[in-house]
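Chemist: Supplied in structure tokens, the structure appears directly below.
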Amino acid sequence: MKSIREISEKKPWVNWVLFFATVIIVFVIGLFAATIIERRSEAQLYFQMVEPIPEWEPDNEVWGVNFPRQYESYKKTLDTTFQSKYYGSVMIDYLERYPEMVVMWAGYAFSRDYNQGRGHYYSVKDVHNTLRTGVPQPATCWTCKSTDVPRLMNEMGPSEFYAHTWAEMGPEIQNPIGCQDCHDPNTMNLRITRPALAEAFERQGIDINDATRQEMRSLVCAQCHVEYYFGEDNYLIFPWDEGFSADEMEYYKDRVGHTDWVHALSRAPMLKAQHPDYELYKTGIHAQRDVSCADCHMPYKREGGIKFTDHHLRSPLDNIENSCMVCHRQSEATLQANVYDQQNRVSELRRIAERNLARVHIEAKHAWDAGANEEEMEDILQLIRHSQWRWDWVAAANAMGFHSSSEALRVLATSIQKAQEASIKLTSVFNRYGVEYPIEMPDLSTKEKAQEYIGLDMEKIREEKEEFLEKTLPQWLGSI
Amino acid sequence: MKALKRLFRFLLPPRNWRFTVVILSGIFTGILFFVVYVSNAVSYLSDEPETCINCHVMYPYYASWDKGSHGRDATCADCHVPQDNFIRQYYVKATDGLAHATYFTFRWEPQVIQIKSRGKSVVQENCIRCHLDMVDMVQLVEVTGEIAEKDEGKLCWDCHRETPHGSVRSLSAAPHALVERLPSVMPAWLENLFFGESPSKTRTLPQNEN
């Protein structure tokens with residue numbers, strides 16, 4: 001055999017081959033060594049407060065200087081591309097998807113515009129843009145939308161804050177939901193910044209400061225992802241005094257005599273459910289097994305030597321491998337199918353409830369038109385109020401009932417039952433006044449048709465919004 | 001000896017290149033030694049469980065093993081490396097090790113790690129190796145990772161799901177695992193020479209992280 005020396009004397013390019021092969025090998029070995037060293041030093045330099053964060057600092061970027069990984073992952077809530085079967089991070093026009101809702105909210109701003117909320121990063125922007133803020137709203141609406149709220153509440157006290165109007169506080173609200181909403185700036189421990197949650201527990205004799213860390217990993221979310229209403233002077237209240245279930249909250253709201261609006265068609269004293277995610281979740285199997293919100297929506301993550309919590313808050317369906325599969329041993333496809341199975345069932349009942357409710361509102365309107373009196377209508381309107389409340393309690397919550405599908409189905413079933421009962425009672429009213437039954441239903445197949453039916457001048461509403469976005473908003477955003 | 005001599009002659013550079021080649025080989029060998037040092041390469045020849053926590057990703061698994069029943073008598077390698085013969089043992093160690101090194105170098109590791117087919121077979125074999133008297137009547141003896149993946153048989157831990165790492169995977173199992181962490185790459189005496197005595201640099205304790 002010839003030696004390399006002899007080969008390369010005849011073929012000089014062999015030297016080059018040897019040279020580059022060595023370069024590649026040394027490069028890869030170097031890379032390997034470098035990653036090991038990087039991982040080892042990362043683990044030692046874990047918690048480095050570069051710049052102390054002032055108390056009530058609303059700017060997420062200031063926090064991000066110290067916690068780049070958490071901040072970078074939080075910024076991913078900007079992503080609006082993920083779409084699951086029912087939700088995701090995309091903007092979904094719910095009124096377009098479920099046009100019956102326009103009729104169900106006649107006389108209320110929700111009939112104008114109702115979209116799937118995008119990521120936390122968009123919280124302020126989406127509130128500016130929604131047509132619902134075209135009508136005068138109290139500052140209480142800002143409570144859950146911005147890290148500026150704890151700052152303002154600290155300056156003026158909660159009742160003073162709630163007493164302002166939405167527009168008055170507009171220039172103060174600059175930063176979207178972020179770090180300060182859940183964290184103490186000195187220790188980074190989880191903390192409650194919204195008084196309504198602490199007050200609701202206090203009324204039940206529970207001190208929220210006694211909550212364990214695992215409980216806090218859900219309670220910080222429960223500051224906002226809950227059912228609430230505006231009490232006297234628009235003071236924000238969680239209606240939990242009688243209990244957490246739809247039935248108990250309904251009883252509570254009847255007891256305190258709360259009504260969100262009077263329905264424009266049926267004249268029923270209506271309730272609007274917000275998003276009782278926490279309450280529904282509490283009845284589910286995950287809560288019973290002590291799994292917190294963060295366990296699925298922001299699972300632990302490791303980058304090299306550093307452990308942190310993924311602050312990209314999102315649907316676990318976008319991240320099945322790192323959320324569900326921590327405990328569940330099935331494949332990604334199986335788990336997704338299991339979730340959709342549950343959601344399909346809830347969706348089916350939900351659609352039945354919506355069609356029933358839209359119909360019963362219109363029927364009630366016909367009964368009034370035929371000359372029915374308040375005494376005849378009282379029971380019927382109460383049934384409509386309760387039916388829609390129960391439907392909303394499930395529909396307004398995120399996850400299409402997945403947080404506790406059996407409870408969601410139970411509540412929807414009672415909603416349908418109450419709407420049907422109202423319908424049956426209405427037939428006897430129609431009989432009395434000689435109205436032909438069934439009542440002919442308008443075409444509610446699209447959002448536009450439904451909005452036209454309830455008499456909304458959408459063109460004017462949109463023009464007003466354009467004007468706000470062009471004239472007022474730049475002043476607000478430029479004010480700080 | 002003859003073969004070695006022939007190899008040496010084969011590699012021998014031209015006379016006027018010898019000095020350069022010697023220096024370059026020295027650099028190359030030096031880098032190799034450095035890699036052996038920083039990667040704790042020698043530790044991989046042993047069966048010490050502490051070897052496995054050279055990698056941060058193993059902390060929760062080390063913690064659950066350490067606190068579980070197997071932590072008393074069985075080491076990581078007792079279950080995760082074949083124990084039937086020396087050659088297979090080191091073959092699996094070497095191929096697994098190279099695969100893991102590649103994964104970590106290029107940051108391909110998933111957040112929730114899952115055992116692969118060959119690993120399943122190895123663990124299953126080792127379950128049976130120690131617990132044969134318990135399983136010989138339940139016909140688990142023949143099941144391998146491949147068979148289980150085709151859903152044609154059950155592995156021990158399909159039922160004994162909490163053994164030995166608990167039912168929760170990933171960092172969620174033990175987010176703040178109390179395990180001894182690797183010291184700085186710099187040897188303590190060298191660091192002391194430059195920066196003075198500082199005990200925190202020589203060995204890091206787990207911190208309370210949020």
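The values are calculated or read from the model by the stated rules, or taken from the named source; none is laboratory data. This is a predicted model, so every value here is computed, not measured. Quick reminder, even Gly has a Cβ in these numbers, built from the backbone with ideal geometry, and neighbours come from all protein chains shown.
Chemist: Quick check on A:E9: is it surrounded by 12 or more Cβ atoms within 10 Å (Cβ to Cβ) and either part of a loop (DSSP other than H, G, I, E, B) or out of contact with any His (no Cβ under 9 Å at 6 or more places or on another chain) (or both)? Explain how you work it out, then say what you get.
Modeler: Numbers: surrounded by 12 or more Cβ atoms within 10 Å (Cβ to Cβ): yes; either part of a loop (DSSP other than H, G, I, E, B) or out of contact with any His (no Cβ under 9 Å at 6 or more places or on another chain) (or both): yes.
Yes; evaluated as a whole, the condition is true for this residue.
Chemist: Same structure, new question: Tell me yes or no: at least one residue of the range A:411-434 is within 20 Å of A:P276 (Cβ to Cβ), touching a Lys or Arg at 6+ places or on another chain (Cβ under 7 Å) and among the hydrophobic types (A, V, I, L, M, F, W, C).
Modeler: yes
Chemist: Related question: Conditions first: (1) buried (at least 16 other Cβ atoms within 10 Å of the Cβ); (2) more than 30 Å from A:R289 (Cα to Cα). A:E232 passes all but one, so which condition is the exception?
Modeler: Of (1) buried (at least 16 other Cβ atoms within 10 Å of the Cβ); (2) more than 30 Å from A:R289 (Cα to Cα), only one is false for A:E232: (1).
Chemist: What helices (runs of 4 or more DSSP H) lie completely within the range A:142-213 and have 2 or more residues being buried (at least 20 other Cβ atoms within 10 Å of the Cβ) and modelled with pLDDT of 95 or more?
Modeler: Numbers: elements: A:148-156, A:158-163, A:166-169, A:179-182, A:195-203.
Filter on the range A:142-213 gives A:148-156, A:158-163, A:179-182, A:195-203.
Chemist: Continuing with the same structure: Looking at the range B:98-109, which of its residues are within 12 Å of another protein chain (Cβ to nearest Cβ) and either touching a Phe, Trp or Tyr at 6+ places or on another chain (Cβ under 6 Å) or within 30 Å of A:C324 (Cβ to Cβ) (or both)? Outline the logic, then answer.
Modeler: Taking the range B:98-109 and keeping what is within 12 Å of another protein chain (Cβ to nearest Cβ), we get B:98, B:100-109.
Passing the criteria: B:H100, B:A101, B:T102, B:Y103, B:F104, B:T105, B:F106, B:R107, B:W108, B:E109.
Chemist: Follow-up question, since we're still on this one. Restricted to the range B:110-137, and to residues that are touching a Leu at 6+ places or on another chain (Cβ under 8 Å) and within 14 Å of chain A (Cβ to nearest Cβ), which residue is modelled with the lowest pLDDT?
Modeler: B:Q111
Chemist: Continuing with the same structure: So, in the range B:1-54, of the ones that are more than 8 Å from chain A (Cβ to nearest Cβ) and not in a helix (DSSP H, G or I), which residue ends up farthest from the chain's Cα centre (by Cα)?
Modeler: Taking the candidates together, the pick is B:M1.
Chemist: Given the criterion more than 20 Å from A:Q336 (Cα to Cα) and part of a helix (DSSP H, G or I), identify the matching residue among A:E242, A:E250.
Modeler: Numbers: A:E242 fails: part of a helix (DSSP H, G or I).
Result: A:E250 is the single residue among A:E242, A:E250 that is more than 20 Å from A:Q336 (Cα to Cα) and part of a helix (DSSP H, G or I).
Chemist: Taking only the range A:306-336 into account, find how many residues are free of Cβ contacts under 8 Å to residues at least 24 places away in the same chain, within 12 Å of chain B (Cβ to nearest Cβ) and among the small types (G, A, S).
Modeler: 1
Chemist: Filter the range A:42-59 down to the residues that are at the interface with another protein chain (Cβ under 10 Å from one of its Cβ atoms) and either surrounded by 13 or more Cβ atoms within 10 Å (Cβ to Cβ) or in contact with a Phe, Trp or Tyr (Cβ under 6 Å, 6 or more places away or on another chain) (or both) and list them by number.
Modeler: Within the range A:42-59, A:E42, A:A43, A:Q44, A:Y46 qualify.
Chemist: Show the residue pairs that are 6+ apart or on different chains and have beta-carbon atoms under 6 Å apart, the first residue being within the range A:20-31 and facing chain B (nearest Cβ under 8 Å) and under 16 Å from B:G30 (Cβ atoms), the second being polar (S, T, N, Q) and surrounded by 10 or more Cβ atoms within 10 Å (Cβ to Cβ).
Modeler: No pair meets every condition.
Chemist: Got at least one residue in the range B:68-85 being more than 10 Å from every other protein chain (Cβ to nearest Cβ), assigned to a helix (DSSP H, G or I) and free of Cβ contacts under 8 Å to residues at least 12 places away in the same chain? Steps first, please.
Modeler: Of the range B:68-85, the ones more than 10 Å from every other protein chain (Cβ to nearest Cβ) are B:68-85.
Filter once more, so that each one left must be assigned to a helix (DSSP H, G or I): B:69-71, B:76-80.
Narrowing further to those that are free of Cβ contacts under 8 Å to residues at least 12 places away in the same chain: none.
Looking for residues that are more than 10 Å from every other protein chain (Cβ to nearest Cβ), assigned to a helix (DSSP H, G or I) and free of Cβ contacts under 8 Å to residues at least 12 places away in the same chain, one finds none in the range B:68-85, hence no.
Chemist: Working only within the range A:60-93, note down all residues that are surrounded by 17 or more Cβ atoms within 10 Å (Cβ to Cβ), closer than 27 Å to A:E354 by Cα and of a type in the set (F, W, Y).
Modeler: A:Y86, A:Y87
Chemist: Could I ask something else about it? Considering (1) in contact (Cβ under 8 Å) with a residue 24 or more places away in the chain; (2) crowded, with 18+ Cβ neighbours inside 10 Å, say which one A:P239 fails and leave the rest.
Modeler: (1)
Chemist: A further question on this structure: Examine the range A:97-112 for a residue that is modelled with pLDDT under 95, of a type in the set (D, E, K, R) and not in a helix (DSSP H, G or I), and state whether such a residue exists.
Modeler: no
Chemist: May I pose another question? What do you reckon, is A:Y121 in a helix (DSSP H, G or I), in contact with a helix residue (DSSP H, G or I) (Cβ under 9 Å, 6 or more places away or on another chain) and closer than 29 Å to A:F82 by Cβ?
Modeler: Values: in a helix (DSSP H, G or I): yes; in contact with a helix residue (DSSP H, G or I) (Cβ under 9 Å, 6 or more places away or on another chain): yes; closer than 29 Å to A:F82 by Cβ: yes.
Yes.
Chemist: So in the range A:285-305, with the set limited to residues that are within 23 Å of A:E38 (Cβ to Cβ) and assigned to a loop (DSSP other than H, G, I, E, B), which one is nearest to the other protein chains (Cβ to nearest Cβ)? Working first, answer last.
Modeler: Going through the range A:285-305, the residues within 23 Å of A:E38 (Cβ to Cβ) turn out to be A:300-305.
Retained after the next criterion (residues that are assigned to a loop (DSSP other than H, G, I, E, B)): A:304-305.
Values: A:G304: 7, A:G305: 5 Å.
Checked the range A:285-305; the qualifying residue nearest to the other protein chains (Cβ to nearest Cβ) is A:G305.
Chemist: Looking at (1) touching a His at 6+ places or on another chain (Cβ under 8 Å); (2) over 28 Å from A:D184 (Cβ atoms), which one does A:Q83 not meet, given that it meets all the others?
Modeler: Condition not satisfied by A:Q83: (1).
Chemist: Before we move on, is B:P13 touching a residue at least 12 places away in the same chain (Cβ under 8 Å) and surrounded by 17 or more Cβ atoms within 10 Å (Cβ to Cβ)?
Modeler: Values: touching a residue at least 12 places away in the same chain (Cβ under 8 Å): no; surrounded by 17 or more Cβ atoms within 10 Å (Cβ to Cβ): yes.
The answer is no for B:P13.
Chemist: Further question on the same structure: Does A:A268 count as among the hydrophobic types (A, V, I, L, M, F, W, C), surrounded by 18 or more Cβ atoms within 10 Å (Cβ to Cβ), modelled with pLDDT of 95 or more and within 18 Å of A:M400 (Cα to Cα)?
Modeler: Working: among the hydrophobic types (A, V, I, L, M, F, W, C): yes; surrounded by 18 or more Cβ atoms within 10 Å (Cβ to Cβ): yes; modelled with pLDDT of 95 or more: yes; within 18 Å of A:M400 (Cα to Cα): no.
Here the answer is no, as A:A268 does not meet what is asked.
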